[in-house]
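Every number here is computed from the coordinates shown, using simple stated rules; none is lab data. Predicted model, so just to flag it, every value in this text is computed and none were measured. Please note: Cβ atoms are built from the backbone with ideal geometry, for glycine as well, and neighbour counts cover all protein chains shown.
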Amino acid sequence: MNLAVQIGGLALPNPVTVASGTFGYGVEYAQLLDLNQLGAVVVKGIRRDPVRGNPTPRLVEVTSGLINAIGLQGPGVDGFIRSYWPFLQQLKVPTIINIWGTSVEEYAEVARRLDALSGVGALELNVSCPNIKEGGAQFGTDPALLRQVVAACRAATRLPLITKLSPNVVSIVPYAQAAEAAGSDALSIMNSYPAMAIDVETRRPVLANVTGGLSGPCIKPIALKLVWEAAQAVRIPIIGMGGIQNTADALEFIMAGATAVAVGTANFYAPQTALQIIAGLRQFMRQENLADVRQLIGCARAGKGRAPEATVRHP
């Protein structure tokens with residue numbers, strides 16, 4: 001029974017990872033689960049310089065979800081290399097480093113710095129960030145800016161590039177295609193949705209930042225739709241994420257066209273979720289008499305009745 005998948009030039013032992021921003025830098029979860037059983041460890045976003053993040057409160061639970069306004073707090077490249085990379089470098093599974101910046105040049109600089117590290121599995125580009133040189137326009141909501149940042153990072157590193165797309169667009173298709181054309185090896189779909197909550201007693205927004213990013217089970221059907229649409233439009237692999245809580249959720253994303261999946265908000269309240277999904281995939285494949293998990297990628301078809309098994313698309 002083969003669970004291994006390929007994300008560009010990155011080989012994963014199984015298709016279950018964790019979503020950036022929900023798993024710290026791996027070390028925080030090391031006492032809660034065996035990290036070496038994951039497909040990969042995806043760390044919190046890294047910028048060139050340290051970032052303090054937003055003031056508190058910056059987390060609030062809502063119906064079937066979580067709104068966060070952490071503000072991309074992080075130690076910067078030097079702090080990450082000094083404090084976290086020695087631990088991550090010892091893992092048997094790949095590490096995917098999420099990176100971000102406020103200019104094309106900053107993205108490229110961070111990519112270049114991490115390219116020099118030995119053992120990095122891939123870089124994930126968080127493009128849901130404002131470009132200060134363009135008046136605050138998000139890289140991920142402007143196809144031209146998106147192409148620029150992906151192309152600049154592609155020129156700065158030989159590592160596999162995974163572009164984490166923004167959901168705040170009318171159609172995901174042109175952005176998926178723009179990232180592919182600019183040299184991205186894969187896509188992560190999707191990031192969180194802008195949202196807010198109000199405390200009716202104080203009559204004030206709950207979050208100090210007023211708005212934040214919505215994640216959790218409530219966004220799963222929307223995320224699934226975006227994966228489905230992107231999978232029809234590009235040939236590069238997709239890592240699907242958004243509200244995955246169990247094996248059935250993960251299977252939906254894979255059947256919609258995702259090569260791998262990432263567990264996010266569930267890590268906060270059920271840290272064993274990713275490992276349980278890996279076990280659940282094995283059980284499902286045994287039950288369905290499947291030898292290779294890639295037979296499930298994109299096997300969902302519109303129309304009535306059960307769709308046939310998909311042809312294995314990726315090596």
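Data overview
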item	result
Residue in segment 197-214 that is closer than 17 Å to G257 by Cα and either aromatic (F, W, Y) or free of Cβ contacts under 8 Å to residues at least 60 places away in the same chain (or both) present	no
Answer residue from segment 232-255, given it is surrounded by fewer than 24 Cβ atoms within 10 Å (Cβ to Cβ) and hydrophobic (A, V, I, L, M, F, W, C) and is farthest from S184 (Cα to Cα) among those	A248
Within segment 6-117, strands (runs of 3 or more DSSP E) holding 2 or more residues that are closer than 27 Å to S184 by Cα	10-12, 16-18, 41-46, 95-99
Among (1) of a type in the set (D, E); (2) closer than 30 Å to T56 by Cβ; (3) touching a residue at least 60 places away in the same chain (Cβ under 8 Å) - the single one D185 does not satisfy	(2)
Selection within segment 91-126 - free of Cβ contacts under 8 Å to residues at least 40 places away in the same chain and either of a type in the set (G, A, S) or crowded, with 23+ Cβ neighbours inside 10 Å (or both)	S103, A116, S118, G119, L123
Residue check for S83: touching a helix residue (DSSP H, G or I) at 6+ places or on another chain (Cβ under 7 Å), surrounded by fewer than 23 Cβ atoms within 10 Å (Cβ to Cβ) and of a type in the set (S, T, Y)	no
Hits in segment 137-195 - residues which are touching a helix residue (DSSP H, G or I) at 6+ places or on another chain (Cβ under 8 Å), among the hydroxyl-bearing types (S, T, Y), farther than 15 Å from V104 by Cβ and surrounded by 19 or more Cβ atoms within 10 Å (Cβ to Cβ)	S166, Y175, S192, Y193
Single residue of I198, I219 found to be surrounded by fewer than 18 Cβ atoms within 10 Å (Cβ to Cβ) and under 17 Å from V60 (Cβ atoms)	I198
